[in-house]
């Protein structure tokens, strides 16, 4: 990078910088863990020599921090996929069930927004279609943060909710479904060629709560990739130009995801078995009645406090999924 000709080839330079960033994301925390271990060892020796226990509280605090940093490093080391470092698009679709399902879809949207906030990630809702009486029919949120896709990729699938319906006057227990799809935002260093003759572009009125401007102008944009039939749209911005850019970015993310699935045998097998995301193949159940439990049906990880999970506490499920994926031979853990 210090060479005089480094920037002569812009694309190659970007790829090199991204490679360095990915390596440093593992190497620098690893070096810091080594320093923490050395400091702990030195503190323990001093404490033993003095014999008065004055350093005990300091050592306990340093140990707790080192353990926390080690667990975070261990989790990060599992994120070695080609797109794990990318930002993520999370799309939520309400399943069959009308208002119940739409309300459940909005609860999931809130859960991912709160998880992202807890990580310090930026979020932007790029598409949202209201569900009518309540909730959403579909929504896409762009989550921008380091390794956002790597953390969230295991959330793809069908999520099932069991609860006493707030929309049922008889207070009966209801089951609702919503599907979640997680896509990587295409890195600029990744070359995705979309020919104009392979794209169909449609514009439409956005509608929804966006005000008179959205209802009267055709600001929404939808792109369809004709060879594959993959489509992506954006309607959240007042500007058609911004919606155009958002829809194109989402389309590229979907195409990258398709290629990624072809390369990964376990993902290919998973999608072959179930065809498309269907309501008979849920990955996680959230039970609020008659008992309280959230359980991932792939990893068997479970939490007895659904409210905490719905408030964005997903780290236990993310960690369990990454370890399960590695055990199945589908991981690309970073090693040195």
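Does region 119-129 contain any residue that is in the same structural domain as residue 223 (by TED's automatic domain parsing), out of contact with any strand residue (DSSP E or B) (no Cβ under 6 Å at 6 or more places or on another chain) and in contact (Cβ under 8 Å) with a residue 40 or more places away in the chain? Scanning region 119-129 turns up no residue that is in the same structural domain as residue 223 (by TED's automatic domain parsing), out of contact with any strand residue (DSSP E or B) (no Cβ under 6 Å at 6 or more places or on another chain) and in contact (Cβ under 8 Å) with a residue 40 or more places away in the chain.
With respect to being in a helix (DSSP H, G or I) and outside the structural domain of residue 130 (by TED's automatic domain parsing), residue 62 fits the description. Flag: residue 51 does not match the condition of being in the same structural domain as residue 307 (by TED's automatic domain parsing) and at positive phi.
For (1) over 15 Å from residue 249 (Cβ atoms); (2) at pLDDT 90 or above, each residue gets a yes or a no:
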site	(1), (2)
169	yes, no
173	yes, no
183	no, yes
188	no, no
194	no, no
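The rows are residues; the columns are (1) closer than 30 Å to residue 85 by Cβ; (2) out of contact with any strand residue (DSSP E or B) (no Cβ under 6 Å at 6 or more places or on another chain); (3) surrounded by 11 or more Cβ atoms within 10 Å (Cβ to Cβ).
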residue	(1), (2), (3)
8	yes, yes, no
16	yes, yes, yes
32	yes, yes, yes
36	yes, yes, yes
49	no, yes, no
52	no, yes, no
58	no, yes, yes
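Any residue that is in contact with a strand residue (DSSP E or B) (Cβ under 9 Å, 6 or more places away or on another chain), part of a loop (DSSP other than H, G, I, E, B), at pLDDT below 90 and over 19 Å from residue 93 (Cα atoms) - is there at least one of those in region 232-246? Yes - at least one qualifying residue is present in region 232-246.
Of the residues 102, 86, which is closer than 30 Å to residue 138 by Cβ, assigned to a loop (DSSP other than H, G, I, E, B) and modelled with pLDDT of 85 or more?
The conditions single out 86.
Can you find a residue in region 105-115 that is buried (at least 16 other Cβ atoms within 10 Å of the Cβ) and free of Cβ contacts under 8 Å to residues at least 40 places away in the same chain? Among the residues of region 105-115, at least one is buried (at least 16 other Cβ atoms within 10 Å of the Cβ) and free of Cβ contacts under 8 Å to residues at least 40 places away in the same chain, which makes the answer yes.
The values are calculated or read from the model by the stated rules, or taken from the named source; none is laboratory data. Predicted model only: the values in this text are computed from it and were never measured. We place every Cβ from the backbone using ideal geometry, glycine too, and count neighbours over all the protein chains shown.
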